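Have a look at the structure below, then the notes.
The values are calculated or read from the model by the stated rules, or taken from the named source; none is laboratory data. A quick note: this is a predicted structure, and the numbers were derived from the prediction, not measured. Please note: Cβ atoms are built from the backbone with ideal geometry, for glycine as well, and neighbour counts cover all protein chains shown.
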Amino acid sequence: MTATDMTAPALALGSLARARGREWVVQPGSNAEFLILRPLGGADEDVTGLFPALETVEPASFPPPQVDDMGDHASARMLRDALRIGFGIAPVDREALLAQLHDIAPAVLPFVKPVWTTLRDAKAKRSRILFEGAQGVLLDVDHGTYPFVTSSNVVA
């Protein structure tokens, strides 16, 4: 099936397509005449252009994941990027994110240390220690174990 035979939603940004014997994610800059595709599980350097009028392109889909399914980090990143593109959000720019983290590192790193050493030292001095109990994942109103949740989101 060529792109001219397909409906536009099947080739929407972030959608999955099957061509050349593998699955791809439709990338920004694609249109009905020319698709920019990244192979599922492939690297940035594997991105390619494809003319649907000249090659067979079909919508692709996958069954919902099951608890026993295991994948690799690259595939998970690819699916996350496809989801972001599908919602009209740019994929995470890893290099830009690392640059931002590098910029703020001098301000943050002085506060980074193993919590257990701080607690050990406070206990050795017989200091009073106050524990906050509303910061656990299982207490999150959306992700927690109802009814034992707090009324706010504690998971970023």
Just checking, how many residues over the range 113-128 are at pLDDT below 90 and hydrophobic (A, V, I, L, M, F, W, C)?
-> 2
Which is within 28 Å of the chain's Cα centre (by Cα), within 30 Å of GLY42 (Cα to Cα) and not in a loop (DSSP other than H, G, I, E, B), of LEU109, LEU98?
-> LEU98
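Each row is one residue, and each column tells you yes or no for (1) outside any loop (DSSP other than H, G, I, E, B); (2) out of contact with any strand residue (DSSP E or B) (no Cβ under 6 Å at 6 or more places or on another chain); (3) under 15 Å from LEU16 (Cβ atoms).
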residue	(1), (2), (3)
GLU45	yes, yes, no
PRO64	no, yes, yes
MET70	no, yes, no
ALA90	no, yes, no
ALA105	yes, yes, no
THR117	yes, yes, no
If you check PRO91 against the conditions, is it more than 30 Å from GLY42 (Cβ to Cβ) and without any contact (Cβ under 8 Å) to a residue 12 or more places away in the chain?
-> no
